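Contents: one structure, followed by commentary.
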Amino acid sequence: MNISSKLVNKFPQLKKELRMAKIDKKPKEYIKESFKKTIIFSIGFTVLVFFISESINLPLILLPIIFIIFMFIFFNFNITSLKGRINKRKKEIDRDVLFAGKYLLVKLNSGQPLVNALIDASKSYGVASTYFKEIVREIELGKSIEEALDNATEYNPSQKFKKILFQINNALKIGIDVTKFLEATLNEIADEQLIEINRYGKKLGSVTLFYMLLGVVVPSLGLTITVVIVSMANLNVDMVMFMVFLFFLAILQLIFLVIYKSIRPNINI
């Protein structure tokens, strides 16, 4: 058994995660490619450390240990980046899931069969249409609607979209009207999104207060007081100090921009 096979055994969920991330590769192939990239980056950074080792008085005997540390860091980064891709797809689907569900509900209420409604939904706008296309493709390949919906539910990164598919499939298995289950699920998702918007409003007020205090008031007063103290003390202040001040101020503004973006609800209004 080679290294790739051993590493695959340590990540039993890798096959499912690759399918959820829409990466058309087998776990062994993905591990092999990640391992190659890890070796290349680790060698490159270790060589860089070797060239600067004299200036920092680093013993050369530590280079193998540094290489192993880089191997561990870059390999884990490649694995965790897969989860980041899944999370990105989840957010994209969550943003359009309510519209996709309502589009499907309208088609069903108009009297279309479920298969035809799924085909029309697969041609609609949004990321969710891609998953409807996969369901339709599996049905065209000979699978039953229940099997196709089961697979779509299992390998979908969005919990909200899973909820819609599960309710549709559950209604089919029980043999009752799909539209009632679907409408109830969509109303539940809409209520959840409304709660998210309300929470966002409360968080936005708190973050804005901190921004006005730390991003506007403190820098303005701090710079004014500094200028007064420097002029009274007759100290020499060059342009470098002001550039450093502007640099940290820009970093602070970027931090608040990231915070504002992170707390924004993932809803397409």
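If R0 is 51 Å, what FRET efficiency do you get for Val47 and Val228 from their C-beta distance, rounded to 0.05? Spell out each step's value before the answer.
Values: r = 51 Å, r/R0 = 1.01.
That gives a FRET efficiency of 0.50.
Of the peptides 165-173, 108-116, how do they stack up when ordered by the mean number of other Cβ atoms within 10 Å, highest first?
Details: 165-173: 18.8, 108-116: 13.7.
The packing order, highest mean first, is 165-173, 108-116.
Hey, got the dipole for the chain? About the Cα centre, +1 on K and R Cβ, -1 on D and E Cβ, debye to the nearest 20? Intermediate values should be presented prior to the final figure.
Numbers: 35 positive and 23 negative charges, 104 e Å.
For the chain, the charge dipole is close to 500 debye.
Report, in order of residue number, the helices in the chain meeting two criteria: a C-alpha extent of 30 Å or more along the helix axis, and a mean Kyte-Doolittle hydropathy of at least -1.0; treat each whole DSSP H run as one helix. Write out the running numbers ahead of the final one.
Numbers: long enough: 27-52 (37 Å, 0.76); 63-109 (67 Å, 0.51); 178-210 (48 Å, 0.03); 239-263 (36 Å, 2.46).
Flagged H segments are 27-52, 63-109, 178-210, 239-263.
Distance from a point 7 Å along Cα→Cβ of Phe99 to each backbone N in the stretch 143-180: keep the residues under 20 Å and list them by number.
What the label zone holds, given the 20 Å backbone N cut-off, is 157-165.
Sorted by packing (mean other beta-carbon atoms within 10 Å per residue), highest first, where do 21-28, 153-160 land? Kindly include the intermediate steps, with their values, before the conclusion.
Details: 21-28: 15.0, 153-160: 18.9.
Sorting 21-28, 153-160 by mean packing, highest first, produces 153-160, 21-28.
Sticking with the crude label model, points 7 Å out along Cα→Cβ, report the distance from Glu147 to Lys123 in nm, one decimal please.
2.6 nm
Considering the dipole of the stretch 3-91 built from charges on the beta carbon (Lys and Arg +1, Asp and Glu -1) around the Cα centre, which of Ser42, Pro59, Pro27 is farthest to its positive end?
Projecting each Cα onto the dipole axis, the largest value belongs to Pro27.
Only loop residues by DSSP count here, and only those with at most 10 other Cβ atoms within 10 Å; note down the GluC sites (Glu not before Pro) in the stretch 21-108 that meet that. Could the numbers behind the result be given before it?
Working: sites: Glu29, Glu33, Glu54, Glu92; in loops: Glu54.
Counting only loop positions with at most 10 other Cβ atoms within 10 Å, the GluC sites (Glu not before Pro) in the stretch 21-108 are Glu54.
Roughly how far apart, in whole Å, are the Cα centres of the stretch 26-92 and the stretch 124-198?
That distance is 39 Å.
Using only alpha carbon pairs under 8 Å that are at least six residues apart, calculate the relative contact order of the chain and give it in whole percent. Walk me through the intermediate numbers first.
On the way: 195 pairs, mean separation 40.2, N = 269.
Relative contact order comes out at 15 percent.
Taking the Cα centre as origin and putting +1 on Lys and Arg beta-carbons and -1 on Asp and Glu beta-carbons, what dipole magnitude results for the stretch 48-161, to the nearest 20 debye? Mind showing how you got there, number by number?
Details: 14 positive and 12 negative charges, 76 e Å.
That gives a dipole near 360 debye.
Using +1 on the beta carbon of Lys and Arg, -1 on that of Asp and Glu, and nothing else charged, what's the dipole of the stretch 141-230 about the Cα centre, debye to 20?
On the way: 9 positive and 10 negative charges, 75 e Å.
Taking the Cα centre of the stretch 141-230 as origin, the dipole is about 360 debye.
Filter the chymotrypsin sites (Phe, Trp or Tyr not before Pro) in the stretch 71-120 down to the DSSP loop ones having no more than 15 other Cβ atoms within 10 Å, then list what survives.
Details: sites: Phe72, Phe74, Phe75, Phe77, Phe99, Tyr103; in loops: none.
Of the chymotrypsin sites (Phe, Trp or Tyr not before Pro), not one in the loops of the stretch 71-120 has a Cβ with at most 15 other Cβ atoms within 10 Å.
Coordinate-derived values only; no laboratory data. This structure is a prediction, so every number in the text was calculated from the model and none was measured. Backbone-built Cβ (ideal geometry, glycine too); neighbour counts: all protein chains shown.
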